[in-house]
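Please read through the structure below; I'll follow up with questions.
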Amino acid sequence: MKKDITRDWKQFIPVYFFGSIVVFISWAAWFSQSISLLDAVVLIICGFLSWSFVEYCLHRFIFHYDAKSELGKKFVYYQHLQHHEYPRQLDRLFAKLSTSTPVSALYLLVAYSLLGSWASAGCLYIGLVIGYFLYEFLHYQAHHMSPKLGILRYLKKYHLLHHHSRSNLRYGVTSPLLDILFGTYAPLPVKSVLTNKLNPVASKVARKVENQVDRLVEQVSESTTRVTKATEAIAEKASSTLLPKSAKTSST
Ligand SMILES: [Zn+2]
Ligand SMILES: [Zn+2]
């Protein structure tokens, strides 16, 4: 049965949490009168633009970190790789509050140390949170929606290829710009670009087919993960029950 995200209030906890912080910072900056409206708007835009950088660095260098220790592997799995295994599950899709809170607090501290003013740092932070909310929306739509708008379809396809083609490419979710800058960009396959150039009716049909294929690919990927994990669990159980017997045989 299709899950309705709007009925699951827990998925919106980060929105309430960061939304409340943004309201508080806006209120404090407004009443402190230590920053002009123009400066505030410029800083909010800068904060918004800085989100792409934060998103790219977290995704590429933390969430896909090639950990060697067991603890490191568990951390990376919990933070992100479980989302690669089950891309459509909501509880594995959105960023964890346990990650976003320290990251955003660190961002605020760095912003304060650079700008020397809580009001200015707060405005930068507001822009960052707006960028983060946009990211969560775009990430959700990539796995659960069938957008009609060209840019949304492009970003959806771009992110799904990070999942199902090569996970060491296309780290950007809100934009491919940093992938281009840091050498992890790869263009979309020609077929998804071609659908834009057909006549409107054919284009609509092609879009529907493409969305269904994308959904099917995700479902197959999740099913493959489940089968692999079940097979591994059975093999582990079999070896643990058979091992004492064989050990007994070898001793007689
Ligand atoms: Zn994803
Ligand atoms: Zn990833």
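The values are calculated or read from the model by the stated rules, or taken from the named source; none is laboratory data. This structure is a prediction, so every number in the text was calculated from the model and none was measured. Every residue, glycine as well, gets a Cβ built from its backbone with ideal geometry; the counts of neighbours run over all protein chains shown.
Surrounded by 19 or more Cβ atoms within 10 Å (Cβ to Cβ) and farther than 24 Å from residue 181 by Cα: does that describe residue 95?
Working: surrounded by 19 or more Cβ atoms within 10 Å (Cβ to Cβ): yes; farther than 24 Å from residue 181 by Cα: yes.
The answer is yes for residue 95.
May I pose another question? Evaluate the range 154-161: report whether one residue or more is more than 15 Å from the chain's Cα centre (by Cα) and surrounded by fewer than 21 Cβ atoms within 10 Å (Cβ to Cβ). Don't jump to the end; show me each part of the working.
The initial filter retains those residues of the range 154-161 that are more than 15 Å from the chain's Cα centre (by Cα), namely 154.
Next, only the ones that are surrounded by fewer than 21 Cβ atoms within 10 Å (Cβ to Cβ) stay: 154.
Yes, because at least one residue in the range 154-161 is more than 15 Å from the chain's Cα centre (by Cα) and surrounded by fewer than 21 Cβ atoms within 10 Å (Cβ to Cβ).
Can you pull out the residues in the range 127-147 that are over 26 Å from residue 21 (Cβ atoms), more than 16 Å from ligand 2 (Cβ to nearest atom) and in contact with a helix residue (DSSP H, G or I) (Cβ under 7 Å, 6 or more places away or on another chain)?
146, 147 - these are the residues of the range 127-147 that are over 26 Å from residue 21 (Cβ atoms), more than 16 Å from ligand 2 (Cβ to nearest atom) and in contact with a helix residue (DSSP H, G or I) (Cβ under 7 Å, 6 or more places away or on another chain).
Every residue in the range 105-123 that is of a type outside the set (Gly, Ala, Ser), modelled with pLDDT of 90 or more and more than 9 Å from residue 43 (Cβ to Cβ), please.
Scanning the range 105-123 gives 106, 107, 108, 109, 110, 112, 114.
Would you call residue 153 within 11 Å of ligand 2 (Cβ to nearest atom) and touching a residue at least 12 places away in the same chain (Cβ under 8 Å)?
Values: within 11 Å of ligand 2 (Cβ to nearest atom): no; touching a residue at least 12 places away in the same chain (Cβ under 8 Å): yes.
The answer is no for residue 153.
Moving on. Just one of the numbered conditions (1) part of a helix (DSSP H, G or I); (2) over 21 Å from residue 178 (Cα atoms); (3) within 12 Å of ligand 2 (Cβ to nearest atom) is not true of residue 42; which one?
Looking at each condition in turn, residue 42 falls short on (3).
Tell me whether the range 85-93 contains one or more residues that are within 19 Å of the chain's Cα centre (by Cα), away from ligand 2 (no atom under 16 Å from the Cβ) and part of a helix (DSSP H, G or I).
We begin by selecting, within the range 85-93, every residue within 19 Å of the chain's Cα centre (by Cα); these are 85-93.
From what's left, away from ligand 2 (no atom under 16 Å from the Cβ): 90-91.
Restricting the remaining residues to those that are part of a helix (DSSP H, G or I) gives 90-91.
Checked the range 85-93: at least one residue is within 19 Å of the chain's Cα centre (by Cα), away from ligand 2 (no atom under 16 Å from the Cβ) and part of a helix (DSSP H, G or I).
Scan the range 8-25 and give yes if some residue there is at pLDDT 95 or above and not in a helix (DSSP H, G or I), otherwise no.
No - not one qualifying residue is present in the range 8-25.
Restricting attention to the range 86-126, which residues are touching a Phe, Trp or Tyr at 6+ places or on another chain (Cβ under 9 Å) and charged (D, E, K, R)?
Scanning the range 86-126 gives 92, 96.
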